[in-house]
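The values are calculated or read from the model by the stated rules, or taken from the named source; none is laboratory data. All values reported here derive from a predicted model rather than from experimental measurement. Because the Cβ atoms are built from the backbone with ideal geometry, glycine has one as well, and the counts that use them run over all protein chains shown.
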Amino acid sequence: MKRPLRTLFYGLKHEHSAGKLLTLSKMKDDFEIVAVADDRARTTPSYRADPLPLDGLKIVGEAEALTIRDIDVVFIEVANNDLMDIARIYAKRGVPMHCDKPCGETMGPYREVVEMCRRKNLPMQMGYMFRANPGVRFCHRAVREGWLGDIVHIEADMNHDYGDDSYQKYVGTFKGGILYNLGCHLIDMILPMMEGELVRATNVTGTANGDGPDCLNRCASLLEWPGATALIRSCSRVPGGLPHRRLRIDGTKGTIDLCPIERFDGEHLALDLTLSEAAGGYAAGRQTVDLGVQTDRYMDQLRELAETVRGEKSNPNDMYDHDLRVHEITLEACGYDKR
């Protein structure tokens with residue numbers, strides 16, 4: 001009988017910390033949270049609107065957390081620009097980790113941590129929350145198996161309408177604005193569907209009407225690969241919010257339109273598939289593909305982490321290079337120097 005992994009949950013300032021704690025509370029057969037490291041005294045810019053589900057958990061300061069050695073896995077959920085400092089500590093210690101995103105406004109610290117994990121064959125799962133999404137996995141399969149022909153254009157957005165004035169100012173603390181904070185999810189989805197090396201990234205970083213010039217909450221980037229383009233965008237002032245987030249893929253033999261990308265309202269997730277000829281068991285023409293009801297954003301991905309740490313699945317070594325490329329393209333898309 002398997003035992004739950006002894007888990008240190010390091011950080012409460014990340015925007016995903018509350019959601020991850022809720023998911024872990026449903027996975028007691030896989031994870032036992034032995035302590036939660038409270039980083040809320042840090043002054044690093046952050047934003048977290050959701051209440052923290054801390055009942056019954058042992059809360060410790062960061063100094064005490066760093067003395068806890070008997071753990072199987074660490075979840076790193078500090079503020080974005082503190083992530084690599086903590087990840088480096090646990091990579092040196094050889095502790096498997098789930099590390100949230102994005103990975104820093106320069107490439108060097110993240111590359112250092114990834115290469116440390118690669119040398120040790122250490123699982124380092126990045127918190128790109130759509131990796132286990134059934135709609136995104138369907139899209140990847142369709143592209144991989146050639147149902148859509150050659151990909152010519154992808155459009156994806158992470159628009160939303162949550163966040164008070166402090167959120168608008170928070171995303172403005174990043175040079176790349178809201179696209180730096182959220183666009184990495186889109187690039188993680190898009191990259192497996194593109195061939196070759198990125199040719200060019202054209203970035204637009206701006207502010208929604210009515211917000212101050214330092215908010216940087218209206219951003220987009222046009223990414224060009226040989227033979228294909230991708231437009232990614234994000235704005236925090238778009239009515240409808242999460243239900244309107246979209247991934248659309250256009251190929252020479254078909255299209256997929258996944259909107260919304262995810263939903264947790266009890267209704268079925270679905271996508272629109274159009275094929276010029278039958279493929280993958282689907283008929284030519286336009287049809288709706290029912291992907292079932294989603295119940296949790298993170299659970300399937302975290303279950304994969306647990307299986308990897310326990311040795312039930314091999315550590316996906318190809319993900320080190322993929323994750324490095326995702327962050328490199330994120331920096332390019334957001335107007336940073338990628339070095």
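Per-structure values
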quantity	calculated
Considering residues of the range 250-260 that are out of contact with any helix residue (DSSP H, G or I) (no Cβ under 6 Å at 6 or more places or on another chain) and surrounded by 14 or more Cβ atoms within 10 Å (Cβ to Cβ) only, the residue farthest from Gly196 (Cα to Cα)	Cys259
Residues of the range 257-304 that turn out to be small (Gly, Ala, Ser) and assigned to a loop (DSSP other than H, G, I, E, B), as a count	7
Which numbered condition Val204 misses (of (1) outside any helix (DSSP H, G or I); (2) closer than 15 Å to Ala333 by Cβ; (3) of a type outside the set (Gly, Ala, Ser); (4) in contact (Cβ under 8 Å) with a residue 40 or more places away in the chain)	(4)
Test: Lys58 is of a type in the set (Lys, Arg) and either modelled with pLDDT under 95 or touching a strand residue (DSSP E or B) at 6+ places or on another chain (Cβ under 9 Å) (or both)	yes
Meets criteria (within 22 Å of Leu179 (Cα to Cα) and acidic (Asp, Glu)) for Asp38	no
Hits in the range 110-132 (condition: within 27 Å of Arg297 (Cβ to Cβ) and more than 11 Å from the chain's Cα centre (by Cα))	Tyr110, Val113, Val114, Cys117, Leu122, Pro123, Met124
Filtered residues of the range 52-78 (kept if of a type outside the set (Lys, Arg) and either more than 27 Å from the chain's Cα centre (by Cα) or farther than 20 Å from Thr23 by Cβ (or both))	Gly56, Val60, Gly61, Glu62, Ala63, Glu64, Ala65, Leu66, Thr67, Ile68, Asp70
Subset tally (residues that are among the acidic types (Asp, Glu) and surrounded by fewer than 15 Cβ atoms within 10 Å (Cβ to Cβ)) for the range 32-58	2
Residues (buried (at least 20 other Cβ atoms within 10 Å of the Cβ) and in a loop (DSSP other than H, G, I, E, B)) located in the range 4-21	Gly11, Leu12, Lys13, His14, Glu15
Residues located in the range 227-237, provided they are in a loop (DSSP other than H, G, I, E, B) and either out of contact with any helix residue (DSSP H, G or I) (no Cβ under 7 Å at 6 or more places or on another chain) or without any contact (Cβ under 8 Å) to a residue 24 or more places away in the chain (or both)	Gly227, Arg237
Count of residues meeting criterion [in contact with an Asp or Glu (Cβ under 6 Å, 6 or more places away or on another chain) and modelled with pLDDT under 95] in the range 31-55	1
Selected residue (only one of Glu328, Glu267, Glu277, Glu312 is closer than 20 Å to Ile151 by Cα and either surrounded by fewer than 18 Cβ atoms within 10 Å (Cβ to Cβ) or within 21 Å of the chain's Cα centre (by Cα) (or both))	Glu277
Residue in the range 114-125 that is of a type in the set (A, V, I, L, M), at pLDDT 95 or above and out of contact with any helix residue (DSSP H, G or I) (no Cβ under 7 Å at 6 or more places or on another chain) present	no
Residue among Val95, Val73 that is β-branched (Val, Ile, Thr) and closer than 21 Å to Glu15 by Cα	Val73
